[in-house]
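This report refers to the structure that appears directly beneath it.
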Amino acid sequence: MPQQLNQTIRNTFNKGLLTEFSELSFPNEASIDELNCSLFKAGNRSKRLGMEYEFGSQLSSETYTEGLLFGTSTWTNVGEDSDLEYVVVQAGHTLRFYLREDGALSGSEVPTSDADSTPYILDMTPYNKTDGLGAGTSHVDTASINGRLVVASPQIESFYIERDPSNGSFSVTQIDFKVRDFEYLTPRLDLVEGEATPVDVLRDYDTRNCGWVGDKGDAALTAYTGANSEYPPLTHPWYSGKDSSGNFSVAEWEKIYSGNTLIVNGHFVLDLFEGDRETASGITGVPSAALTDGFSAVASFAGRVFYGGVGSKVYFSRILEDFSDIGNCYQVNDPTSEEASDLLDTDGGFISIPDARGIKSLHPFGASLLVFADNGVWRISGVDNVFRASEYSVYRITDDGLSARKSLVSGQNGLPFWWSYTGIHTIRVTEDNGLVEENISRDTIQTFWNSIDGGARASVVGTYDGLNDVVLWSHPNNDESVSYKLNRILLLDVQLGAFYPWTISDKSTDTPYVVAPTFFKGRRVGEVDFTVVDSLNNVVVDSSGNQVVSSQQLGGIGSSAIQFLTRDPSGSLTFSEFTAEEFLDWGTEDYSAYAEASYNFMGDLGRRKNSPYVTVLLRATETGWTENGDGSYSPTRESSLKVSTFWDFKKIASSAQQEAYRYKYPLVVDADDLSNFDYPTTVITTRLRTRGRGRVMRLRFEGATGKDFNLLGWETLDARNPSY
């Protein structure tokens, strides 16, 4: 009886790697295993380009030891010039700055000033925390606001940098953080009752911090202690005991019964990190409220700067109508005042999140500020989507917090993606504008993610390619011995919902390596020369008769790109990109590029089948010719794709690899125009004869050293036996 023949067509192969499906339920458009492929929304996939130094790459004159901490961030609207954007590079305890402009990023180090072409490098050691580990031991977090760059880290005193647009010079200002002291130092029961004098300094401080200060407050306290030989219970303010003349009366004050509710405190304003209560109050012996660690997180939100990472509180400045308020995290009106105690909408302050442990990042998302801690994510927002010091809400979104601070990525419209201790997550906005966490790795690549060890996960660094809507997480190999070396990348195409992995090959000796990624949104700055004219539109000339020109930097739209901060073998810094059309990393190193397609059961599970032919369709990739020097020519960006067949879930191929990229027509070289590859078709179609048989078949596609491939799809001719 003749075999039953059918065709299986696969023209979409872009759902990426999946590890959470069994052999019997695997989706057709995904891969069982893959490496170093690029996915496209049209359904095809190709070999990724090689990693190489950016075109025109330059090396920094400074060198850095292997394993040093590196990181990147962005300073936008520099000096309130919307056309200026800097890449901020942390190299240990220093910050370097690169201007986004035409040409190589590595060649655009920002000068110290217009008059000093020396690259501006900021040494952060003067801002080291006392008894800390040093600025070079912790990644900084940054925020751009009002043209300045705010810099924070657990190991430094936070500061901001500003650039003077008139001369290009920079200045650095340490931020003094001021807060009101809302802590009671005396047990509550002792505060709601009178206490005999002489009183200890804690009770004295608490009393005065509740407003028994100033000319009238001091007089009231003296009058009360003189009449009662004890300090007053802090159940109602001194001015509640005024007589008809407006003076404090002990008798009138004692007529008021207010139960055991404590009155508001917070008269004294302290330096947050020094906490010097003695200086603020004039009371000798009162303990300080000093804090040791600095802020680990900073964000610009709602016209203010928010700070986190010190305990379970998130501090926020006043609205920055005056930039000197950047560290004023307190209510302007004295809350203990008789006359003006109201909390203003524009005030600074802090938000206590008692359950939060280890706040690592603050992330603006629409009208909300998301607080990422070690043990969860919280949402802070205004009641009517406008944050006010007097009116806001806080709630917990999820228990899956942020395990690695640098894994947090801001996607399109600020949509967050992050790694927790259990997987990869994002946020979904509900119909009622609520926020819900979604684990996007659990049902897709959890097994693959679990194979990344804890040390590699802790070192992960995320970035977002806004041009292609792709998230990239760079991390080390599991066995990598060099700290902060990033040689693996997990990519997520957000629109496709597809994960796929890349690796970066090392040279055998003296290899460069990636230490941090960065992305530009397409804005660039170019220098343009303008001829200077006078008020009558006459060209101005100098004493030698030469036309006077003025060089100005103008904004424009350029190519978006992910670029990677790279340490050269010499120890210098530069930038690299995936742009090498030789399909070799660092010019010499091969890398595997392959994908294994899903299982093809050809209609049923029981019968044995064979597939006599597989037809593979690949896009022609050649762009021209290269002269080899011996009179022969080789195609530029030539392709190659090897196909293997596996039957019945076997790990070993059932037949040898076959080349699927075969020219059907003679190749003709135009020696006068080597950029012309005049091939008559855009698609290479090859029919391969396959061997073997079984109940299920899968195909493996693999590239060749130094060659491209762009797989559009394939068709199998399925032959089934009519009986078992």
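The values are calculated or read from the model by the stated rules, or taken from the named source; none is laboratory data. All figures in this text were calculated on a predicted structure; none of them were measured in a lab. For neighbour counting, all protein chains shown are included, and Cβ atoms are generated from backbone atoms with ideal geometry for every residue, glycine included. For the accessible areas, the whole protein counts, side chains as well, though only heavy atoms, and no ligand, DNA or RNA atoms are used. Shrake-Rupley method; radii C 1.70, N 1.55, O 1.52, S 1.80 Å.
Calculate how steeply helix 214-228 sits against the longest principal axis of the alpha-carbon atoms of the chain, using the helix alpha-carbon long axis, and give the answer as 0 to 90 degrees to the nearest 10. With rounding to tens, the tilt is 60 degrees.
Tell me the trypsin sites (Lys or Arg not before Pro) within the range 615-712 that lie in a loop according to DSSP and have at most 10 other beta-carbon atoms within 10 Å. When the trypsin sites (Lys or Arg not before Pro) of the range 615-712 are filtered for loop state and at most 10 Cβ neighbours within 10 Å, Lys651, Lys664 remain. Loop-located chymotrypsin sites (Phe, Trp or Tyr not before Pro) across the range 345-422 with a Cβ neighbour count of 13 or fewer within 10 Å are Tyr421, with loop assigned by DSSP. Take every pair of alpha-carbon atoms less than 8 Å apart whose residues are at least six positions apart; their mean separation over the length of the range 217-264 yields a relative contact order of 34 percent. Counting protein heavy atoms only, the chain has 46 percent of its accessible area on carbon and sulfur, 1.4 angstrom probe. Its Kirkwood hydrodynamic radius, worked out from the mean inverse distance over all distinct Cα pairs, puts the range 92-163 at 13.4 Å.
Pairs of Cα atoms nearer than 8 Å and 6+ residues apart set the relative contact order; for the chain it is 15 percent. Charge dipole of the range 299-355 (Cα centre as origin; +1 on each Lys and Arg Cβ, -1 on each Asp and Glu Cβ, all else neutral): 400 debye, rounded to the nearest 20.
Take every Cα pair under 8 Å whose residues are at least 6 apart in sequence, average their separation, divide by the length of the range 274-378, and the relative contact order is 21 percent. Quick one: grab the alpha carbon gyration tensor of the range 256-299, order the square roots of its eigenvalues as a ≥ b ≥ c, and give me rounded if a/c is under 1.5, else prolate or oblate depending on whether a/b is larger than b/c. Oblate. Considering the chain at the alpha-carbon level, its Rg and Dmax are found to be 33.4, 117 Å.
Could you tell me the center-to-center distance, by alpha carbons, between the range 62-90 and the range 240-291 in angstrom? After rounding, the separation between the Cα centres reads 47 Å. On a per residue basis, the chain carries 44 Å² of accessible surface, using protein heavy atoms and a 1.4 Å probe.
Not counting the cut sites, what is the longest span of the chain without GluC sites (Glu not before Pro) that DSSP labels loop and that have at most 11 other Cβ atoms within 10 Å? Counting at most 11 other Cβ atoms within 10 Å as exposed, the longest clean stretch of the chain is 1-320. Between Leu189 and Thr430, the FRET efficiency from the beta-carbon distance, with R0 = 51 Å, is close to 0.65.
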